[in-house]
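The values are calculated or read from the model by the stated rules, or taken from the named source; none is laboratory data. Everything numeric in this text was worked out from a predicted model, so none of it was measured. Backbone-built Cβ (ideal geometry, glycine too); neighbour counts: all protein chains shown.
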Amino acid sequence: MDEKVLAFLLGLIQGVFEWLPVSSKTILMFLLYAWSSTTTTSYILSIFLNGSTVLAAVLYFRREILRILRTIFYRNDIEGFVILKFLIVSTLITGLFGVPISLLLIEFLSSLSSKMYIIFIGALFSITALLNWMRFKIKNRFKTMEEAGLREAFIAGLAQSFSTIPGVSRSGVTILALTIMGFKPRDSLTLSFLMSIPVTFGGSLYMYLVSPRILETLDFEMLIIAFSTALITSILLISVLFKLADKLKPQFFLITLSVVTVILGLFFS
């Protein structure tokens, strides 16, 4: 496969699946592994490429981010200050639990044969599909964004830490956790996507610091193509998801995400 075509596919996959309840990291790993990358290289590179969607999230949520940052100096916006605390606590919890899980996982993947690696990823995809199937079984008692307290931040952050595992979707587990706690689909999407900004940026930076030589072996033009494709695709898909969340009843919105997850999970596993 031509490197430019591969870069475009990597960006397209990242831009689409980062925001769906499907693990973009895992699908990227499949593609990179098929391109003859080692399991460890595929894992590290897929985590790094997750950082390409940070800019898309910042651009899309620029008003919300500015509102949240203003609350550092002005406490008159109660909801904005609550969201700021939620993001700080959830990010700290993700880092506390996510880094050890990530370190253990890199060692584990290095010890797997090709066959066991595929079986392992397929099994985790099945778990993700099951969790998303459970989502639309939940009866919601909707909370407002102002109710995103420390308890909600801890649970959402803990859920997010498990997304370092291949096959486990970051957006999937966080939206699931937020829905279980009673937030409506649009608020769950907003909180989940805002959570992605600090943790994805931190994870990508961490992977670069841990294994800089792996990324330096890749063609710069290839990385630019993948980044640009992911950026444009991400902004378009986020907009589509919020329109669906507004137009569909909560149960139908959740069922739609769950069906997408199951179909893609079965296809890639």
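Details
- Pick from the stretch 157-192, criterion of a type in the set (V, I, T) and more than 12 Å from the chain's Cα centre (by Cα), ranking: surrounded by the most Cβ atoms within 10 Å (Cβ to Cβ): T179
- In the set (1) under 22 Å from Q14 (Cβ atoms); (2) of a type in the set (A, V, I, L, M); (3) at pLDDT 75 or above, the condition left unmet by I44 is number (3).
- Which numbered condition R70 fails, given (1) at pLDDT 90 or above; (2) over 22 Å from A156 (Cα atoms): (1)
- In summary, I88 fulfils each of the numbered conditions (1) at pLDDT 80 or above; (2) surrounded by 15 or more Cβ atoms within 10 Å (Cβ to Cβ) with the single exception of condition (2).
- Residues of the stretch 73-108 that are more than 22 Å from E152 (Cβ to Cβ) and outside any helix (DSSP H, G or I): F73, Y74, N76.
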